[in-house]
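What follows is a single structure, written as structure tokens, with notes after it.
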Amino acid sequence: MTAHELDALVRRALEEDIGSGDVTTLATVPEGARARARITQKAPGVIFGLEAAEATFRALDAEIGFERLVAEGRWREEGGPVMSAEGRARALLTGERTALNFLGHLSGVATLAARAACEVRGSGTYVLDTRKTLPGLRALEKAAVAAGGARNHRAGLYDAILIKENHIAAAGGITRAVELARAAAPELAATLELEVRTPAEIDEALAAGATRLLLDNMSDEELRAAVSQVSGRAHLEASGGVTLQTLAGRARTGVQSVSMGALTHSAPALDLSLALELAS
């Protein structure tokens, strides 16, 4: 996400929260008051999203100064100080919730990605994210996934071919779907991926030249059988209802990757707090 895109996203978030004005802060905080705010991590996890938090405060006070107190992408078991900001007290209080929303959510994604990567460490399998992201936040969420140690799948519908069961039905079969996709986007043909559900579909996909197969909602036993059947002729991705509890088992089947939509659609926010100290 570019700086311009981030600023636009932050403006929309602030407009949603502030509306016609922060009535509480305007009523209780003197206009010229200055303060120092400190954000603290209160639970184990990985911090990510400092740029979004800073952009939030900066949109309300362009002269706010920041100090980052932790490196992004690093696991901290005990938590601790995250960042400090110094500037107009009104700006810090008005931007507090929006800044923490960005930072807490993105740190939660990074934290879940770190836990997921830990589950498959040493197996030779890696964890992928999906397109199951919050509207407007995909670029930030995918950056958080990478910061946590998992990997990014396609960014959208434009940068990779992934033929799923509905595409296959519309095209008239696996072979025809692959032919049509390669003809329409030859520059993406080398990484074309195809969803398969049965041994017969695996055989047809390989015969059609697919080099990546998506094994959706298969049991571990079915995944092991698919790995044996393919025997290294294609990259195999396991998908469907994957959790932290099932990741290690998926990895042990021998697939090359496991995609996990929960990294972005179900990551709990990392617990953070902001304390404000008025300048004397």
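So the values come out like this:
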item: For H153, solvent-accessible area (1.4 Å; no DNA, RNA or ligand), Å²; result: 40 Å²
item: Lys/Arg +1, Asp/Glu -1 at C-beta; the chain dipole; positive extreme among A117, G104, A52; result: A117
item: Which of T133, G209, I64, positive extreme of dipole for the chain (C-beta unit charges); result: G209
item: Vicinal HN-Hα couplings computed from phi for segment 53-70 (Karplus, 6.51 cos²θ - 1.76 cosθ + 1.60; Hz; Gly/Pro x); result: 5, 5, 4, 5, 5, 5, 5, 9, 8, 5, 9, 4, x, 10, 9, 7, 10, 8
item: Karplus 3J(HN,Hα) series, Hz, for segment 168-181 with 6.51 cos²θ - 1.76 cosθ + 1.60 (x for Gly, Pro); result: 4, 5, 5, 7, x, x, 5, 4, 5, 4, 5, 4, 5, 5
item: Share antiparallel - DSSP beta bridges, the chain, percent rounded to 5; result: 55 percent
item: Average accessible surface area per residue within the chain, 1.4 Å rolling probe, Å²; result: 48 Å²
item: Size of charge dipole - segment 48-119 - debye, nearest 20, with Cβ of Lys, Arg +1 and Asp, Glu -1, no other charges; result: 140 debye
item: Farthest positive-ward along the chain dipole, Cα basis, beta-carbon charges - from A91, V242, I18; result: V242
item: Rounded, prolate or oblate (a/c below 1.5 giving rounded, otherwise prolate when a/b exceeds b/c) for segment 44-176 by Cα gyration tensor; result: oblate
item: Whole-percent carbon and sulfur share, accessible surface of segment 43-154, 1.4 Å; result: 48 percent
item: Degrees separating the helix 138-148 axis from the principal Cα axis of the chain, which is the longest one; result: 90 degrees
item: Stretch in the chain that is longest and holds no GluC sites (Glu not before Pro) that DSSP places in a loop and that have at most 14 other beta carbons within 10 Å; result: 79-280
item: Rounded if a/c under 1.5, otherwise prolate or oblate - segment 1-64, Cα gyration tensor axes; result: oblate
item: Magnitude of the charge dipole, the chain, Cβ model with Lys/Arg +1 and Asp/Glu -1, debye to 20; result: 360 debye
item: Charge dipole (debye, nearest 20) of segment 137-280; +1 at Cβ of Lys and Arg, -1 at Cβ of Asp and Glu; result: 220 debye
item: Long-range HN-HN contacts of I163 with modeled amide H, under 5 Å; result: E193, L194, E195
item: Separation of alpha-carbon centers, segment 14-88 and segment 132-208, rounded to whole Å; result: 39 Å
item: Length released on extending from T211 to R68, taking residue separation times 0.36 nm less the Cα-Cα span; result: 47.1 nm
item: Heavy atoms of V23 accessible to a 1.4 Å probe, total area in Å² rounded to 10; result: 110 Å²
item: Cα-based shape type of the chain, given that a ≥ b ≥ c are square roots of the gyration tensor eigenvalues and the cut on a/c is 1.5; result: prolate
item: Under 24 Å from K164, Cα to Cα: lysines that are on another chain or at least 8 residues apart; result: K132, K142
item: Carbon/sulfur fraction of accessible area - segment 176-277, other protein chains in place, 1.4 Å, %; result: 50 percent
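The values are calculated or read from the model by the stated rules, or taken from the named source; none is laboratory data. Given the structure is predicted, the values throughout are model-derived calculations rather than measurements. Neighbour counts are summed over all protein chains in view; Cβ atoms, including those assigned to glycine, are modelled from backbone coordinates with ideal geometry. Accessible surface areas use protein heavy atoms only, side chains included; no ligands, DNA or RNA. Shrake-Rupley method; radii C 1.70, N 1.55, O 1.52, S 1.80 Å.
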